[in-house]
Amino acid sequence: MTGLGAVFRPQLAPERLRSVARAADEAGLEELWLWEDCFREGGISTVAAALAWTERIRVGVGLLPVPLRNVAITAMEAAGLHRMFPGRPVLGVGHGVQDWMGQVGARAESPVTLLREYVLALRALLDGQRVTTDGRYVRLHDVALDWPPAGPVEVFAGATGPRSLRLTGEVADGTVLTASTPPDGVRRARHLIDEGRAAAGRTGTHTVVAYLLTATGPGADERLRADLVAEGDADVPGLGVAGDAEAVAEAVRRLAEAGADTVILQPTADEPDPEAFVRFAAEEVRPLVK
């Protein structure tokens with residue numbers, strides 16, 4: 001069955017998170033994803049709060065920008081979340097928006113090299129290993145977590161370009177695709193991810209998470225169009241969906257057929273009722289998606 005979730009966008013004030021997270025949890029939604037967007041809201045603080053305010057829903061962060069965070073700190077925080085809320089956190093890391101990284105003096109000359117070193121070190125630390133590495137960006141000497149997760153946990157990575165997509169297949173446990181990825185793009189991404197997995201000799205599952213820009217209710221078409229224009233995606237065919245539950249479910253099915261394992265509905269930046277949006281996803285769209 002295709003996984004289904006929704007995004008709490010950081011265009012909403014942090015104090016709105018509690019009611020949205022609880023609405024999603026009570027409605028039976030499977031996953032709620034949050035973003036660490038400069039300079040709006042932090043990823044770890046919001047994930048921890050959402051987990052504490054809910055009982056069963058999985059809460060993901062997609063993505064933590066790796067140039068901003070020492071890998072040891074990320075490992076400590078991730079391990080704490082996994083121990084306090086077993087099976088519920090979903091951790092995603094990525095390059096970060098390069099302009100934002102430049103604003104804070106953290107832009108890496110080789111984002112792909114940084115992500116490779118970072119994910120390998122992070123997975124090793126979360127596996128309970130003692131790590132010494134002297135990479136171009138990630139340098140650790142005899143580092144091990146005192147409180148690693150009690151069992152295996154997954155590390156997801158976000159990617160858009162071919163090199164980064166192959167890299168996620170090679171080193172990560174799952175890949176997060178942005179809402180700028182239409183079904184054909186998901187199909188291409190899955191192929192590149194599988195190339196990376198094959199090159200690394202990796203077997204087992206690799207979960208692909210795809211965001212789907214979604215608008216429903218009054219003014220849905222106009223709100224969707226405005227978001228696509230704002231992101232420079234207005235001319236990309238097959239991107240986003242506006243309409244009722246059946247229209248949204250059909251768009252989810254198209255992404256799933258292209259290779260997405262989980263689809264996360266991303267409301268428009270001006271979504272008028274985020275609590276109703278997560279209930280719509282859980283109560284109206286979920287029954288139509290197999």
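The values are calculated or read from the model by the stated rules, or taken from the named source; none is laboratory data. All figures in this text were calculated on a predicted structure; none of them were measured in a lab. Here the Cβ is made from the backbone with ideal geometry for all residues, glycine too, and neighbour counts use every protein chain on show.
Restricting to the range 236-260, count the residues that are exposed (fewer than 13 other Cβ atoms within 10 Å of the Cβ) and either at pLDDT below 95 or within 14 Å of Thr178 (Cβ to Cβ) (or both).
1
In the range 191-225, how many are of a type in the set (A, V, I, L, M) and touching a strand residue (DSSP E or B) at 6+ places or on another chain (Cβ under 9 Å)?
Of the residues in that region, 9 qualify.
Testing Thr178 on (1) loosely packed, with under 15 Cβ neighbours inside 10 Å; (2) at pLDDT 95 or above, one condition comes back false. Which one is that?
Result: Thr178 fails condition (1) only.
Check the range 141-149 and report whether any residue there is at pLDDT 95 or above, part of a loop (DSSP other than H, G, I, E, B) and within 24 Å of Arg166 (Cβ to Cβ).
The initial filter retains those residues of the range 141-149 that are at pLDDT 95 or above, namely 141-149.
From what is left, the residues that are part of a loop (DSSP other than H, G, I, E, B) are 144-149.
With the extra rule that they be within 24 Å of Arg166 (Cβ to Cβ), the set shrinks to none.
The answer is no; no qualifying residue exists.
Which of the residues belonging to the range 22-34 are crowded, with 21+ Cβ neighbours inside 10 Å and either farther than 26 Å from Lys290 by Cβ or not hydrophobic (A, V, I, L, M, F, W, C) (or both)?
If the condition is that a residue be crowded, with 21+ Cβ neighbours inside 10 Å and either farther than 26 Å from Lys290 by Cβ or not hydrophobic (A, V, I, L, M, F, W, C) (or both), then Glu31, Leu34 are the ones that fit.
Is there a residue being part of a strand (DSSP E or B) and closer than 22 Å to Thr113 by Cα anywhere in the range 168-175?
Yes, there is a match, as at least one residue in the range 168-175 is part of a strand (DSSP E or B) and closer than 22 Å to Thr113 by Cα.
If you scan the range 227-267, which residues turn out to be in contact (Cβ under 8 Å) with a residue 60 or more places away in the chain, in a helix (DSSP H, G or I) and among the β-branched types (Val, Ile, Thr)?
Within the range 227-267, the subset in contact (Cβ under 8 Å) with a residue 60 or more places away in the chain is 239-240, 252-267.
Cutting the leftovers down to in a helix (DSSP H, G or I) gives us 252-258.
Across the range 227-267, the qualifying residue is only Val252.
Between Val90, Val155, Val97, which is touching a residue at least 40 places away in the same chain (Cβ under 8 Å), of a type in the set (A, V, I, L, M, F, W, C), in contact with a Pro (Cβ under 8 Å, 6 or more places away or on another chain) and within 18 Å of Val61 (Cα to Cα)?
After applying the criteria, what remains is Val97.
Among the residues of the range 92-105, are any in a loop (DSSP other than H, G, I, E, B), acidic (Asp, Glu) and out of contact with any His (no Cβ under 7 Å at 6 or more places or on another chain)?
Within the range 92-105, none of the residues are in a loop (DSSP other than H, G, I, E, B), acidic (Asp, Glu) and out of contact with any His (no Cβ under 7 Å at 6 or more places or on another chain).
Would a scan of the range 70-79 turn up a residue that is over 28 Å from Leu165 (Cα atoms) and touching a helix residue (DSSP H, G or I) at 6+ places or on another chain (Cβ under 7 Å)?
Checking the range 70-79: not a single residue is over 28 Å from Leu165 (Cα atoms) and touching a helix residue (DSSP H, G or I) at 6+ places or on another chain (Cβ under 7 Å).
Inside the range 9-85, counting only helices (runs of 4 or more DSSP H) that do not spill past its ends, which hold 1 or more residues that are within 25 Å of Val138 (Cβ to Cβ) and among the polar types (S, T, N, Q)?
In the range 9-85, 43-53, 71-84 are the helices (runs of 4 or more DSSP H) which contain 1 or more residues that are within 25 Å of Val138 (Cβ to Cβ) and among the polar types (S, T, N, Q).
Does the range 67-80 include one or more residues that are within 30 Å of Ala282 (Cα to Cα), β-branched (Val, Ile, Thr) and surrounded by 17 or more Cβ atoms within 10 Å (Cβ to Cβ)? Even if it seems obvious, please write down each step before you answer.
Within the range 67-80, the first condition is being within 30 Å of Ala282 (Cα to Cα), and the residues that meet it are 77-80.
Filter once more, keeping what is β-branched (Val, Ile, Thr): none.
No, the range 67-80 has no match at all.
Matching residues to (1) under 22 Å from Val93 (Cβ atoms); (2) among the acidic types (Asp, Glu):
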position: Val176; (1), (2): yes, no
position: Ile193; (1), (2): yes, no
position: Asp261; (1), (2): yes, yes
position: Pro274; (1), (2): no, no
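Looking only at residues in the range 217-226 that are part of a helix (DSSP H, G or I) and in contact (Cβ under 8 Å) with a residue 24 or more places away in the chain, which one is surrounded by the most Cβ atoms within 10 Å (Cβ to Cβ)?
Filtering first and then ranking leaves Arg223.
Name the residues in the range 261-290 that are surrounded by fewer than 20 Cβ atoms within 10 Å (Cβ to Cβ), in contact with a Ser or Thr (Cβ under 8 Å, 6 or more places away or on another chain) and over 30 Å from His191 (Cβ atoms), would you?
Let us first name the residues in the range 261-290 that are surrounded by fewer than 20 Cβ atoms within 10 Å (Cβ to Cβ), namely 261, 269-270, 272-273, 275-276, 279, 283-284, 287-290.
Cutting the leftovers down to in contact with a Ser or Thr (Cβ under 8 Å, 6 or more places away or on another chain) gives us 261, 275, 289-290.
If the condition is that a residue be surrounded by fewer than 20 Cβ atoms within 10 Å (Cβ to Cβ), in contact with a Ser or Thr (Cβ under 8 Å, 6 or more places away or on another chain) and over 30 Å from His191 (Cβ atoms), then Glu275 is the only one that fits.
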